[in-house]
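What follows is one structure encoded as structure tokens, with my remarks underneath.
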Amino acid sequence: MKGKPCSYSLAVKTSHVLPPDTNNHGTLFGGKLMAHIDDVAAIAAVRHARKPVVTASTDSVDFLAPVKEGDSVCVEAFVTWTHNTSMEVFVKAVTENLLTGDRKVCTTAFLTFVAVNEEGRPIPVPGVYPESEHEKILHEHASIRANQRKERRKQSKKFAELFGTDFPWDKGM
């Protein structure tokens, strides 16, 4: 399978932040922004693999600046690294005050997607290669982030086993 440049998968979505999208502080709900992030990242992953994908993980989503009612939020995503069946996608969200033109990076995140076949089983994806300096920086450290995800997943599985499916009140806690 021939590799593709990071830029091949670039996906961008801009949305106007309206009153129903905001919380009692007049800022965009974090969950709403996370939905935009997952949506755009999935488009980038499908664009790279040209296969259906599932979200395997979301690394920390760091909210760096508020997104206010009336602003726009532009979410950009592209595949930075691949490994067999998985793809790491970098996401950057930029908020813009549409009246002043003031722009700020409001969020960054890394998500991992897995390409799947009709039965939902993982399938191989093409490699990816960086071209720009920013892409090279992200690509260079991707294997470190992948190892951190693997360790975090082990911890998550331990917690799942420890806590199980019962609710605390089921055990008189």
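The values are calculated or read from the model by the stated rules, or taken from the named source; none is laboratory data. Note that this is a predicted model, so its numbers are computed, not measured. Here the Cβ positions follow ideal geometry from the backbone for every residue, glycine too, while neighbour counts run over all protein chains shown.
Quick one: in the stretch 25-55, of everything that is assigned to a strand (DSSP E or B) and surrounded by fewer than 17 Cβ atoms within 10 Å (Cβ to Cβ), which residue is farthest from the chain's Cα centre (by Cα)? Going through the qualifying residues, I end up with VAL54. Inspection of the stretch 117-127 finds no residue satisfying the criterion of being of a type in the set (A, V, I, L, M) and out of contact with any Lys or Arg (no Cβ under 9 Å at 6 or more places or on another chain).
Looking only at the stretch 61-80, which residues are touching a residue at least 60 places away in the same chain (Cβ under 8 Å) and among the polar types (S, T, N, Q)? THR80 - this is the single residue of the stretch 61-80 that is touching a residue at least 60 places away in the same chain (Cβ under 8 Å) and among the polar types (S, T, N, Q).
Among the residues of the stretch 92-123, those identified as hydroxyl-bearing (Ser, Thr, Tyr) and in contact with a helix residue (DSSP H, G or I) (Cβ under 9 Å, 6 or more places away or on another chain) are THR107, THR112. In this structure, does THR100 turn out to be modelled with pLDDT of 95 or more, under 30 Å from VAL67 (Cβ atoms) and not in a strand (DSSP E or B)? For THR100, the condition - modelled with pLDDT of 95 or more, under 30 Å from VAL67 (Cβ atoms) and not in a strand (DSSP E or B) - is met.
Looking at the stretch 107-124, which of the residues that are part of a strand (DSSP E or B) and more than 14 Å from the chain's Cα centre (by Cα) is surrounded by the fewest Cβ atoms within 10 Å (Cβ to Cβ)?
Within the stretch 107-124, the subset part of a strand (DSSP E or B) is 107-116, 122.
Still in the list and also more than 14 Å from the chain's Cα centre (by Cα): 115-116, 122.
Working: ALA115: 24, VAL116: 16, PRO122: 14.
Only one residue fits best here, namely PRO122.
Residue selection: GLU131 satisfies the criterion of being part of a loop (DSSP other than H, G, I, E, B) and among the acidic types (Asp, Glu).
Scanning the stretch 56-82 for residues that are aliphatic (A, V, I, L, M) and either closer than 23 Å to TYR129 by Cβ or assigned to a strand (DSSP E or B) (or both) yields ALA56, VAL73, VAL75, ALA77, VAL79.
What tally of residues in the stretch 83-97 results from selecting those that are more than 16 Å from LYS13 (Cβ to Cβ) and either within 13 Å of the chain's Cα centre (by Cα) or in a strand (DSSP E or B) (or both)?
Here is the first cut: in the stretch 83-97, the ones more than 16 Å from LYS13 (Cβ to Cβ) are 83-88, 97.
In the following step, the residues that additionally are either within 13 Å of the chain's Cα centre (by Cα) or in a strand (DSSP E or B) (or both) were identified as 83, 86-88.
Here the count works out to 4.
Of all the listed residues (ASP21, ASP59), the sole one being surrounded by 13 or more Cβ atoms within 10 Å (Cβ to Cβ) and at pLDDT 95 or above is ASP21. With the structure loaded, tell me whether ASP62 is closer than 30 Å to GLU119 by Cβ and among the acidic types (Asp, Glu) or whether it fails that test. So ASP62 fails the test.
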